[in-house]
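First comes the structure, then the notes that go with it.
The values are calculated or read from the model by the stated rules, or taken from the named source; none is laboratory data. Just so it is clear, the model here is predicted, and its values are computed rather than measured. For neighbour counting, all protein chains shown are included, and Cβ atoms are generated from backbone atoms with ideal geometry for every residue, glycine included. Protein only, heavy atoms only, side chains kept; ligands, DNA and RNA dropped before computing areas. Shrake-Rupley method; radii C 1.70, N 1.55, O 1.52, S 1.80 Å.
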Amino acid sequence: SQTIHQWPATLVQPVGSPLSLECTVEGTSNPNLYWYRQAAGRGLQLLFYSVGIGQISSEVPQNLSASRPQDRQFILSSKKLLLSDSGFYLCAWSVSRGAYGYTFGSGTRLTVV
Amino acid sequence: AQSVTQLDSQVPVFEEAPVELRCNYSSSVSVYLFWYVQYPNQGLQLLLKYLSGSTLVKGINGFEAEFNKSQTSFHLRKPSVHISDTAEYFCAALVGGYQKVTFGTGTKLQVIP
């Protein structure tokens with residue numbers, strides 16, 4: 001069966017520090033991968049998605065970047081965190097465009113102080 | 001463009017009462033529709049999906065939704081809610097030709113004992 005792992009679960013980082021969140025999927029190949037952010041009262045915001053290794057589409061200009069070094073690994077990074085980067089980050093995967101739905105990870109609560 | 005509208009940001013309902021969470025989408029072409037549930041500090045979980053066929057779709061936890069093409073709606077219903085149904089619910093759509101799903105802004109269901 002397919003599983004998605006996302007870590008860490010919680011993170012407190014000072015302003016200006018770097019960030020690296022990792023997401024891995026098991027039990028499938030060539031998944032579409034997604035990074036979402038939930039900020040208080042703002043719903044789900046798609047940050048990045050990837051349809052293959054090294055292929056990253058950015059949805060919102062921001063302080064973050066994403067990389068897909070392996071087929072089932074998706075990394076969200078920042079060189080210098082801002083207060084506004086605080087939020088709940090969710091990784092998800094789908095088969096192709098997602099006609100059968102997305103499967104989400106358990107999320108990372110990031111607090112920038 | 002595809003868009004998903006969830007008309008109610010919060011819905012309070014008494015335990016064992018019925019509930020309907022409303023969702024409308026904008027599309028004149030083929031569409032796949034989904035409902036997700038998110039419990040506090042967790043990722044989203046797929047409740048049900050409509051791909052084709054019967055317009056009444058049954059999902060997990062006793063929820064069901066009805067696809068209404070003429071009204072471009074996909075409302076979620078449960079005949080009798082439990083305290084454990086307290087969560088945020090997201091409607092989502094994937095329109096033909098688009099690469100990714102669009103999510104609504106979410107509806108917080110609060111079940112009152």
Exercise. Looking at the stretch A:27-43, which of its residues are open to solvent by 70 Å² or more (accessible area, probe 1.4 Å) and either modelled with pLDDT of 95 or more or hydrophobic (A, V, I, L, M, F, W, C) (or both)?
Worked result: A:40
Exercise. Filter the stretch A:45-71 for residues that are among the charged types (D, E, K, R) and not in a strand (DSSP E or B); which is modelled with the highest pLDDT?
Worked result: A:71
Problem set entry | Selection within the stretch A:68-113 - of a type in the set (A, V, I, L, M, F, W, C), in contact (Cβ under 8 Å) with a residue 12 or more places away in the chain and open to solvent by less than 70 Å² (accessible area, probe 1.4 Å) | A:74, A:75, A:76, A:81, A:88, A:90, A:91, A:92, A:93, A:104, A:110, A:112
Exercise. How about the stretch B:55-68: which of its residues are surrounded by 20 or more Cβ atoms within 10 Å (Cβ to Cβ) and part of a strand (DSSP E or B)?
Worked result: B:57, B:65, B:67
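Can you confirm whether the stretch B:19-29 contains a residue that is outside any loop (DSSP other than H, G, I, E, B), in contact (Cβ under 8 Å) with a residue 24 or more places away in the chain and within 9 Å of chain A (Cβ to nearest Cβ)?
No - not one qualifying residue is present in the stretch B:19-29.
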Problem set entry | Failed item, numbered, when residue B:8 is tested on (1) in contact (Cβ under 8 Å) with a residue 12 or more places away in the chain; (2) part of a loop (DSSP other than H, G, I, E, B); (3) open to solvent by 80 Å² or more (accessible area, probe 1.4 Å) | (3)
Exercise. So which of A:4, A:56 ends up being within 9 Å of chain B (Cβ to nearest Cβ), under 12 Å from the mean Cα position of the chain (by Cα) and over 22 Å from residue B:33 (Cβ atoms)?
Worked result: A:4
Seminar exercise, completed: Inside the stretch B:69-108, the number of residues satisfying the requirement of being away from chain A (no Cβ under 14 Å), touching an Asp or Glu at 6+ places or on another chain (Cβ under 6 Å) and in a strand (DSSP E or B) is 2
For this session: With respect to residue B:33, determine if the residue is away from chain A (no Cβ under 14 Å), open to solvent by less than 10 Å² (accessible area, probe 1.4 Å) and closer than 25 Å to residue A:88 by Cβ.
Result: no
Seminar exercise, completed: Subset of the stretch A:44-67, residues among the polar types (S, T, N, Q), free of Cβ contacts under 8 Å to residues at least 12 places away in the same chain and open to solvent by 50 Å² or more (accessible area, probe 1.4 Å), comes to A:58
Problem set entry | Residue in the stretch A:35-44 that is farther than 30 Å from residue B:3 by Cβ and part of a strand (DSSP E or B) present | no
Exercise. Within the bounds of the stretch B:69-86, is there any residue that is at pLDDT 95 or above, among the basic types (Lys, Arg) and open to solvent by less than 20 Å² (accessible area, probe 1.4 Å)?
Worked result: yes
